[in-house]
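For reference, the structure is listed below as structure tokens.
Rule-based calculations on the coordinates, nothing more; no lab input. Please read these numbers as outputs of a predicted model, since none were measured by experiment. Using ideal geometry, Cβ is built from the backbone for each residue, glycine included, and neighbour counts are taken over all protein chains shown.
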Amino acid sequence: MPIERKKTLNVFKDAREAWGSYDDFPVGQPGTDPMPHLSRNRIAQPFYLVSEADQVIIQMAGHGEIRFRDIDPARLELEPGDTVYVPACVASRLIPYGENVQLRLKAEPGVREAVAWYCDCGALVHSIEIAPGIVQDAYLAAVHAFNASPRTCPRCAQPHPPAELGDIAWSATATAIRASLR
């Protein structure tokens, strides 16, 4: 049975029903602000995420790290119980060490986001703006667009490998979100 929107949440039970990494399935009742989004992540997030609104990430299980662009500290270790505030317009990327369960609190209604890829030299290699709405389809399209692009750093000319999708199931998640809104 897929995750559903409800008044109470059993995070660990509901996380077992996640389709793949970075589902970011909204688990609160429509109109809840901020809206909790549940993910069970096993691979590195394939891009940096940037939101025009503040977000909060709550590490429920597992260990990993969150990386930031253009702020200090640039990296924080994550362990169960950690709560991380991500300011608006700050790029962040989650890297799990094994399986992680996370809640991401996002503005409701949704706001503009962007996904971005950076070179080790610090230069922006590629970015795509995501409109509010069901973002999982847009995340998947953005990864496909990045993978189809030259992926060469404009500063140092370093080629970049395609973004890995691993166990990500954004299409299934988007379908389930649309069904939950009916």
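Couple of notes before you dig in:
- Its relative contact order, with pairs defined as Cα atoms under 8 Å and 6+ residues apart, puts the chain at 23 percent.
- Which of V84, V101 has the fewest Cβ neighbours within 10 Å, and the rest in rising order: V84, V101
- Taken about its Cα centre, region 11-180 carries a charge dipole of roughly 300 debye when the Cβ of each Lys and Arg holds +1 and the Cβ of each Asp and Glu holds -1.
- Listed residues A88, Y118, S180: farthest to the positive end of the dipole of region 11-180 (Cβ charges): Y118
- Size of region 11-180 from its Cα atoms: along the principal axes, largest to smallest, the extents are 46, 32, 27 Å.
- Think of it as helices only: each DSSP H run of n ≥ 4 in the chain is worth -39500 (n - 2.57), and spread over all residues that comes to -5000 deg cm²/dmol at 222 nm.
- Selection from P30, P154, Y97, by position along the positive dipole direction of the chain (Cβ): P30
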